[in-house]
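Below is one structure; the comments refer to it alone.
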Amino acid sequence: MSSIFSLTMLAESIRIAVPYTCAAIGGVWAERAGVIQIGLEGILLTGAFTAVAVTHATNSPTLGLVAAIAAGVALSLGHGQLTERARVHAVISGIALNLFALAATRMGLRALYDSASNSPGIEAYRFGPTGATGGAMLLRVLADPVFFLALAAVAATPFLLQRTRFGLRVRAAGENPVAAASVGIAVTRVRLTALAVSGAICALGGAHLAYDQQRFESGMSAGRGFIALAAVVVSGWRAGRAALACLAFGTLEALQIVLQDEVRKTAIGDLIQTLPYVATLLVLALAPRRAGAPEGLGKHAAD
Amino acid sequence: MRGPVMKIEDIAVRYGDCWSIRSATITLEPGVIHAILGENGAGKSTLLKAAAGFAPRVAGTVRIEDGRGFGAQDAAGDPKPQAWTNAIGMVHQHFMLVSAFTALENLVLGSEPTGSFGRLDLAKARREAEALMETTGLRVNLDARTSDLAVGERQRLEILRVLYRGARAILLDEPTAVLSPLEAEELYTTLGALAEGGATIAVVTHRMDEVLRFAGHVTIMRRGRTVLSRPITADERDHPKRLEDELTRAIMGGEPPPEASPPALAEDAEVALSIEDLVLVDAAGKRVLDGLCLAVKKGEIVGIAGIEGNGQRELVRAVAGLEPGVAGSIVLGGARLPAVRSTEDLRKRRRAIAVVHEDRHADGLMLDATVGDNLVLGELGQIDGPAAEAALIKRRIDRFGVNPPDAARRAGELSGGNQQKVVVGRALDRIEASPERALVVLGQPTRGVDVGAAATIHGAIVAAAEKGLAVLVVSADLGELRRLAHRILVLHRGRIVTELPPTSSDDVIGRAMLGMEDA
Ligand SMILES: Nc1ncnc2c1ncn2[C@@H]1O[C@H](COP(=O)(O)OP(=O)(O)O)[C@@H](O)[C@H]1O
Ligand SMILES: [Mg+2]
């Protein structure tokens, strides 16, 4: 049981939590601006694929990261064009985004690597000490540039939203787009900018996922975008709390892995796998309904 | 510093295939309060929006000239100059505030002072706001969440915001519709001071007494045209009767209807409605109804006065059977009304009671459904076929003068007053046809409704009383209560504190509304 309270466990929890957190922060940016965004899953997946494809081609994980962010921004802006300008319902557009990402990455795998399941391995960032001790693992997780960017995003988001003019306008667009427009704020432009930020941060999570595995696997986002959305809701659309919720989820998943090792081959092994998801359902069920949701979520400045 | 002279020349505004303004010409000079009157749907709101640059103008020009050499003219279709947005401020009928923001955040929204890196400089904003509150006397708690502010405070915040943006012209759309008489008085004092200081001020209102007391210039709109625009002299203000008649005729385009008065009440009329010890505790634990007692006789019209938020809304809802948590007894026609446990119970109650809720958007209308559907809402299965339904809808439209008289139009497209006619018309017309009719409860029946339409509604209320129904009218318009009611009850903190005769003055009723027992 000592394995539960160890540096290894801490390192694992943080490592697992990063993609969730990035997606959740992306969700906060989109939804605080008033755009329903269930397409986080698709952006994670696309980010992961783009990062791997570009790293594989150029041997530069940094170029891969930049490309992933660009892809995330593009997809997020596409969602914004559909919902804000063409007035497609955001849920429809989000589903389309997810389906598109799934199909496009599959097609990419086939076209580039002639595989239905995964890409060849890549050489991602390697900083920090080698070795299998808990301390070494933790240092490796923390020294990762992608982790560092994610941390910066978590730290900067509440500040930007609460204390800057841009943040105030984003929140106004999300709470009451009609009122925002009446004082001369270009609501659509503000929302698209917030979506660009959202897509960039979310794609960061995708890159982390791929670099962590050192390759791309078909459908590797595996529902993380939706769990992240749950984190956004229970946090009341607040970045700091959403990050904490994701860390809690990461811890549960790490715990699940450790426990599974210990009870391998017994019948409850499968049950333990469901632990993080059951916990998510419980928290969602107990959380106050939509408390803190932006009032103008899904509404427009003019019909 | 003088405000700009705004010259609006022969403008026309069209939404889709509906002309909101056919031809409007008006000059707004600084220094006096301009009142703009007209029936619902006459185009008053649209006129203000066009002047502030919010409405799709298809013809005409708007010119702004001020002494400082800022002159701007925009012909139809031109984008408005940037300076326009700040020079002219508009306070919309429905407040344009973000309820989750603090008052200060709302104040600066759109013209935020910033430091380095786009950082908000709220300290600077606060200093400027404090100075502004000091000079204008408009007080708002800057740190309160906007949703916690009272209506009057929110309105002050809107006006402060307009001033904060440096506007020297302020256009207000029905600002007093949501205010208590005392607050309205304060508002006009402030506006008067601003005008005196050289600002250009225009106010849309339906209340004639406000025009007669405070305005220096009046414009009447009728069916999308400005039909009268002239100054009001001090002499006229001293003898307002003639002016009032002239304005009323211009608004209606004909002779004004006779004023309503309550029907004679038989000495021995029996009690129809008797409410005992009504108590309702809201989610926050506040006793919104706190031992309320009242009785209404058959054929009697009883008015309820009170400052908004003292239990009016809950009283109406409790009688309608929409507050399951209410304690106490409601006796109608000698029998105690059972608690509402099913839709069947609710239907039964509604066969005896007609209800108009004060918030027509939340409780009275489906804005996305047609006017026709709204006019027969709740009567599914009780009307004999589509032909009968169409006839019923047409009758209600005609009887209450819903304009435009088009059953297929979306209810959300009607002006506020016409939406009100739909809600009131449906309730009154239905109850008169019901064999079990006993009671009419009306929350703010003529809020935002023009003189002519208000007269129609008042006529229908009196007619209902003449038919022997008991009538309970909750209203913020003391003039209305005085004209209609046999008795006025004052509601304060969830209970009836005083009963007053309808001849009581504003002052007496106002003091009672504030809970001053000696009134
Ligand atoms: N956004 C809109 N879309 C369609 N019709 C509108 C719109 N705004 C106003 N109208 C129509 O224009 C007319 C004038 O409206 P309005 O200026 O609001 O009247 P008022 O303020 O005098 O009551 C009404 O018939 C109304 O139905
Ligand atoms: Mg209006």
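The values are calculated or read from the model by the stated rules, or taken from the named source; none is laboratory data. Quick caveat: nothing in here was measured; it's all calculated off a predicted structure. All Cβ positions, even for glycine, are placed from backbone atoms using ideal geometry, and neighbour counts span all protein chains on display. Areas reflect the complete protein model, heavy atoms only, side chains present, ligands, DNA and RNA absent. Shrake-Rupley method; radii C 1.70, N 1.55, O 1.52, S 1.80 Å.
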Got a sec to turn the phi values of region B:498-510 into Karplus ³J(HN,Hα) couplings, 6.51 cos²θ - 1.76 cosθ + 1.60 with θ = phi - 60°, whole Hz, x for Gly and Pro?
8, 10, 10, x, x, 7, 4, 7, 3, 4, 4, 5, x
Step through the table entries B:241/B:467; B:348/B:467; A:299/B:286; B:44/B:241; A:299/B:49; B:241/B:297, compare each Cα-Cα distance with 30 Å, and write down the pairs that go over it.
B:241/B:467; A:299/B:286; B:241/B:297
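Could you tell me what percent of the accessible area of the protein assembly as shown is made up of carbon and sulfur, with a 1.4 Å probe and every protein chain present?
56 percent
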Quote the FRET efficiency, to the nearest 0.05, computed for residue B:346 versus residue B:366 with a Förster distance R0 of 30 Å and r equal to the Cβ-Cβ distance.
0.95
Which peptide among B:497-504, B:303-310 comes first, and what is the full order, when sorted by highest mean count of other Cβ atoms within 10 Å?
B:303-310, B:497-504
From the phi of every residue in region B:297-309, what ³J(HN,Hα) in whole Hz does the Karplus formula 6.51 cos²θ - 1.76 cosθ + 1.60 yield, where θ is phi - 60° and glycine or proline is x?
8, 4, x, 9, 10, 10, x, 10, 9, x, 6, 3, x
Which angle between 0 and 90 degrees, to the nearest 10, do you get for helix A:224-234 versus the longest principal axis of chain A when only C-alpha atoms count?
60 degrees
With only Lys, Arg, Asp and Glu charged, each at its Cβ (+1 for the first two, -1 for the last two), find how big the charge dipole of the protein assembly as shown is about the Cα centre; round to the nearest 20 debye.
1800 debye
Any residue on another chain or 5+ positions along whose placed amide H is under 5 Å from the amide H of residue B:304 is listed here as B:473, B:474, B:475, B:489
Between residue B:284 and residue A:58, the FRET efficiency computed from the C-beta separation at R0 = 60 Å comes out, to the nearest 0.05, as 0.50
Out of all DSSP beta bridges in chain B, what portion is antiparallel? Express it as a percent rounded to 5.
55 percent
Chain A, relative contact order in percent, only Cα pairs under 8 angstrom and at least six apart counted
37 percent
Going by alpha carbons, how many degrees (0 to 90, nearest 10) lie between the helix axis of A:7-32 and the longest principal axis of chain A?
10 degrees
If I fit a long axis through the Cα atoms of helix B:240-252 and take the longest principal axis of the Cα atoms of chain B, what angle between them do I get, 0 to 90°, rounded to 10?
80 degrees
Note to self, chain A gives a 222 nm [θ] from helices alone (DSSP H runs n ≥ 4, -39500 (n - 2.57) apiece, / all residues, nearest 500) of -23500 deg cm²/dmol
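Please give the calculated 222 nm ellipticity per residue for chain B, where each DSSP H segment of at least 4 residues contributes -39500 (n - 2.57) and the sum is spread over every residue; nearest 500 deg cm²/dmol?
Rounded to the nearest 500, the figure is -10500 deg cm²/dmol.
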How many Å³ per residue does the convex hull of the Cα positions in region A:145-194 occupy?
71 Å³
Return a whole-number percent for the relative contact order of chain B, with Cα pairs under 8 Å and 6 or more residues apart as the contact set.
16 percent
Apply the Karplus parameterisation 6.51 cos²θ - 1.76 cosθ + 1.60, with θ equal to phi minus 60°, to every residue of region B:111-119 and state each ³J(HN,Hα) to the nearest whole Hz, in sequence, with x for glycine and proline.
9, 7, x, 10, x, 5, 6, x, 6
Of A:112, A:177, A:207, whose Cα points farthest to the positive end of the dipole of chain A (charges on the beta-carbon: +1 Lys, Arg; -1 Asp, Glu; origin at the Cα centre)?
A:177
Compute the distance in nm between two label points, each set 7 Å from the Cα along the Cα-to-Cβ direction, one at residue A:112 and one at residue A:270.
3.6 nm
Under a 5 Å amide H to amide H cut-off, with H placed in plane at 1.01 Å, what residues pair with residue B:203 once short-range neighbours are removed?
B:34, B:35, B:36, B:172
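Averaged per residue, what accessible area in Å² does region A:199-303 show with a 1.4 Å probe, protein chains only?
50 Å²
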Can you list residues whose amide H is under 5 Å from residue B:57's amide H, if they're 5+ apart or on another chain and H is modeled 1.01 Å from N?
B:77
Residues of region B:271-513: accessible area per residue at 1.4 Å, in Å²?
41 Å²
Label-to-label distance, nm, for residues given as residue A:5 and residue B:276 (7 Å Cα→Cβ offset):
6.6 nm
For residue B:10 and residue B:322, what does the FRET efficiency come to when R0 = 60 Å and r is the distance between their Cβ atoms, rounded to the nearest 0.05?
0.75
Calculate the spin-label point distance for residue B:190 paired with residue B:503, positioning each point 7 Å from the Cα along the beta-carbon direction, and give it in nanometres.
3.7 nm
Accessible area buried at the A-B interface, both sides summed, 1.4 Å probe (Å², nearest 100)
1600 Å²
